[in-house]
Amino acid sequence: MRFIFLLGVIFGFFMLAGSASAGNQIDTSDIYIMAYYKMLPEVDLSQVIQEFDSVRESTGQYVEGTITIWHNYRNGRDTGEGLDVEVIDGVVTGVPFSTDVNVRVKSDGWVAVWLTNEQDMGDMIFWDRVDQHFYPPDTTLGQAIWRVTNRMGTIYDKNRVGYYSYEYPNADRLLIGGRTLCLGGISSTIYHFLIPSGITLYESEFLWTSYLENYYAHNPNYAIVKMNYEEYYNKNSSSFGVGLYNSMKYSSDISTFPRDIRHTVYMEDSGWVSAGRATLKSVVALLYKSG
């Protein structure tokens with residue numbers, strides 16, 4: 001019996017007026033989840049603003065706007081070398097393969113980042129180049145903080161990031177865990193998870209991404225995802241031809257799953273070979289109050 005969790009977050013309350021928002025209170029009525037981090041004793045706002053994709057407000061005390069985290073690029077920065085939108089069954093959609101994170105950086109070194117109420121748990125996961133083996137190392141909120149600290153040339157420690165949910169103020173834990181599958185030839189992996197009965201569960205999601213690309217029409221790729229032996233996803237690029245067939249993220253609500261029993265996630269794909277690429281990544285995310 002093997003249970004895998006890559007990230008465990010303990011939630012706490014963030015005193016907005018005393019740190020990230022001094023001089024202009026952040027409106028918390030439209031915040032789903034916030035993360036906060038003390039970066040440096042002081043910050044050069046003229047330097048940090050260069051990391052923003054859009055700026056709403058800039059004062060002598062802070063800069064506020066959005067940073068777009070791109071799931072098709074390493075570290076979430078768009079290098080212009082890949083496709084910026086989702087692809088399904090060979091159709092290039094107009095949906096950006098990204099998550100917009102709201103960011104406020106204050107001159108005293110505090111960083112506050114958040115998702116709005118229109119966003120959800122699927123926006124929390126940073127997939128870190130869906131076409132390669134890199135495993136999701138952080139949340140999109142944490143990755144936005146990383147980009148700010150990296151811009152400033154300072155060290156980022158994700159274990160020092162604090163979290164708080166304004167939508168679920170009693171939540172005190174977030175667990176995110178799973179696996180990635182990106183090997184040569186046909187390959188598969190299994191992992192397990194359990195939802196305890198002694199917790200108050202606010203959100204629970206099973207999330208995954210799939211990347212399928214053919215280099216030659218005669219050598220297609222495929223990917224399969226199952227949960228408790230029920231098929232959740234099955235794609236085969238055999239009738240597609242050459243090029244990118246699938247590059248998408250998916251989610252499924254698992255809040256009604258029975259408690260205190262082992263659930264099994266199975267992934268299988270045709271791997272990374274000279275004729276094309278097939279990559280699967282999946283996680284289970286639980287937002288809850290511990291018993």
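The values are calculated or read from the model by the stated rules, or taken from the named source; none is laboratory data. All figures in this text were calculated on a predicted structure; none of them were measured in a lab. Note: ideal-geometry Cβ built from the backbone for every residue, glycine included; neighbour counts use all protein chains shown. Heavy atoms of the whole protein, side chains included, go into the accessibility calculation; ligands, DNA and RNA do not. Shrake-Rupley method; radii C 1.70, N 1.55, O 1.52, S 1.80 Å.
FRET efficiency for Ile261 and Arg56, Cβ-Cβ distance as r, R0 = 51 Å, nearest 0.05?
Using R0 = 51 Å, I get an efficiency of 0.65.
Please list, in order along the range 24-40, the HN-Hα scalar couplings obtained from phi with the Karplus expression 6.51 cos²θ - 1.76 cosθ + 1.60 (θ = phi - 60°), rounded to whole Hz, x for Gly and Pro.
Once rounded to whole Hz, the list reads 6, 5, 6, 6, 8, 5, 10, 10, 7, 9, 10, 10, 9, 7, 8, 8, 8.
Compute the acute angle (0 to 90°) between the alpha-carbon long axis of helix 140-152 and the principal axis of greatest extent of the alpha-carbon atoms of the chain; round to the nearest 10°.
60
I'd like to know which of Met34, Ile49, Gly60 lies farthest towards the positive end of the charge dipole of the range 20-65, counting +1 on Cβ of Lys and Arg and -1 on Cβ of Asp and Glu.
Looking along the dipole axis, the top candidate is Met34.
Quick one: length gained pulling Thr93 to Ser274 fully straight, 0.36 nm per residue minus the C-alpha distance?
62.5 nm
Using θ = phi - 60° and the Karplus relation 6.51 cos²θ - 1.76 cosθ + 1.60, list the HN-Hα couplings for the range 278-289 in order, rounded to whole Hz, with x at every Gly or Pro.
So the Karplus estimates, Gly and Pro as x, are 9, 10, 10, 9, 8, 9, 10, 10, 10, 10, 7, 10 Hz.
What percent do you get for the relative contact order of the chain when only Cα pairs under 8 Å and 6+ apart count?
Once normalised by length, the contact order is 24 percent.
Could you sort the peptides 242-249, 180-187 by per-residue average Cβ neighbour count (10 Å cutoff), highest mean leading?
The densest-packed peptide leads the list: 242-249, 180-187.
Subtracting the Cα-Cα distance from 0.36 nm times the residue separation, let me have the gained length for Ile186 to Asn24 in nm, one decimal.
52.8 nm
Working out 0.36 nm times the residue gap between Thr116 and Leu83, then minus their Cα-Cα distance, what length gain in nm do you get to one decimal?
My answer for the length gained is 9.3 nm.
What's the carbon and sulfur percent of the range 168-239's accessible surface, probe 1.4 angstrom, rounded to a whole number?
Answer for the range 168-239: carbon and sulfur cover 48 percent of the accessible area.
What number comes out for accessible area per residue over the range 145-226 if the probe is 1.4 Å? Units Å², please.
41
Given Ser188, Trp146, Ser252, which one lies farthest toward the positive end of the charge dipole of the range 136-291, if we put +1 on the Cβ of every Lys and Arg and -1 on the Cβ of every Asp and Glu?
Of Ser188, Trp146, Ser252, it is Trp146.
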